[in-house]
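Worksheet for the structure shown next.
Each reported figure results from applying straightforward, stated rules to the coordinates on display, with no laboratory input. In this text, all values refer to a predicted model and were calculated from it rather than measured experimentally. All Cβ positions, glycine included, derive from the backbone under ideal geometry; neighbour counts span all protein chains shown.
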Amino acid sequence: MDVDTPTKSAAEYGLPDDEIVAEIPVYLTQQISKNLHILQYLQKEGTVAPGILLPKVARIKPIHGQMEMDIALDVQSPMYNRERGLELG
């Protein structure tokens, strides 16, 4: 598998450096390829208690190629953006 090396660092995009904290080997086979979904989502260390952002419900829409997940949000958290929440409904 070829992986493109980024041409710019995170700092050049105005982003904080995001160090790699763990690498997990992933083994793929054709036998499970129809039922395998690998998801990655941001959870900054120390900003959210472990287990808080676990999905409560997940739905797969195969015709549209979409996956939906219900994740509870703490709207009282200082990390919650109320204006953005209102935009998204």
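The label point for Ile32 and the one for Met67, both projected 7 Å from the Cα toward the Cβ, are 1.3 nm apart. Compared with the alpha-carbon gap, the fully stretched path from Ile24 to Asn81 is longer by 17.4 nm at 0.36 nm per residue.
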